[in-house]
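Step one of this worksheet: look at the structure below.
The values are calculated or read from the model by the stated rules, or taken from the named source; none is laboratory data. Worth saying up front: this structure is predicted, and the values here are computed from it rather than measured. Glycine also receives a Cβ, built like all others from the backbone with ideal geometry; neighbour counts cover every protein chain displayed. Only protein heavy atoms, including side chains, enter the accessible area calculation; ligands, DNA and RNA are left aside. Shrake-Rupley method; radii C 1.70, N 1.55, O 1.52, S 1.80 Å.
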Amino acid sequence: MPRAGLSRGAVVAIALDLVDAGGPTGFADLTLAKVAARAGVATPSLYKHVGSLAALRREVAVVSDDDFTRTIAEATVGLAGPDAVTALAHATRRFAHERPGRYAAVQVAPDPDDPADADHRAAAQRGVQVVAAVLRGFDLPDGRAIDAIRSVRASLHGFVALELSGGYRLPDDLDQSFDVHVRMLLAGLEALCPAAGRRRAGTPPDRTGEPPREFPYGVER
């Protein structure tokens, strides 16, 4: 039976339901034909509400980015240092398990030059800003923040993507392996910090005349 009062928001909601139901490949498998079938309309009827499959995927990605950003922001707010990074890591893994289709959508980068991707760029940037806030307290050298953000994202995504795709078949406990993975990630972040290098060399940091430094993490509410 055709769905009465179909709107752009309703089409996006149907697409999100399909993405959620499709598991890790839900986003990749999304088609206008599937959305139309779920809505009970002919595929051409969708063009009154979304211009193309690419436009619909963009809408799904924006919602997914916002969901992911909210998840990691809530997990890290009020935390600092290794605790904040650990919370970020576990929130990322939890989101990927609970919403694998949306997690896949989060990994799609917007086109930096396409005006149509403006909302998608803004949504993706909000997520990056949360990660940047979590890492800010590590006192990374100038020019290394982007390197650190990329490394953290790649590291967590690599573990999670292999897990979701069945890439770990040995019987060893995956939760324990993830905990070890996070500790190794933290060690790598510490190694980037000048203060860590001074500690390894046995030289105390020069804080003469400086007030104690505090580094906020997460997102202020």
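Descriptive notes on the structure:
- What the Cβ-Cβ distance of Ala42 and Asp20 gives, at R0 = 41 Å and to the nearest 0.05, is a FRET efficiency of 0.95.
- Length-normalised contact order for the range 122-194 - Cα pairs under 8 Å, 6+ apart - percent: 47 percent
- Solvent-accessible area per residue, Å², over the chain with all protein chains present [probe radius 1.4 Å]: 55 Å²
- Per atom type, the chain shows carbon and sulfur on 55% of its accessible surface, probed at 1.4 Å.
- For the chain, relative contact order (Cα pairs under 8 Å, six or more residues apart, normalised by length) works out to 25 percent.
- Here the chain is treated as a Stokes sphere of Kirkwood radius computed over C-alpha pairs; at 37 °C and 0.692 mPa s its diffusion coefficient rounds to 168 µm²/s.
- Potential lengthening between Asp113 and Asp139 on full extension [0.36 nm per residue; Cα-Cα distance subtracted]: 6.2 nm
- Hydrophobic long helices, here whole DSSP H runs in the chain with Kyte-Doolittle means of at least 0.0 and Cα atoms spread over 15 Å or more along the helix axis, are found at 8-21, 53-76, 118-136, 145-164, 174-192.
- Relative contact order of the range 68-189, pairs being alpha-carbon contacts under 8 Å that are 6 or more residues apart, as %: 28 percent
- Summarised in one figure, the compactness ratio Rg/Rh of the range 73-131, Cα atoms and Kirkwood Rh, is 1.04.
- Space enclosed by the convex hull of the alpha-carbon atoms of the range 5-126, per residue, Å³: 102 Å³
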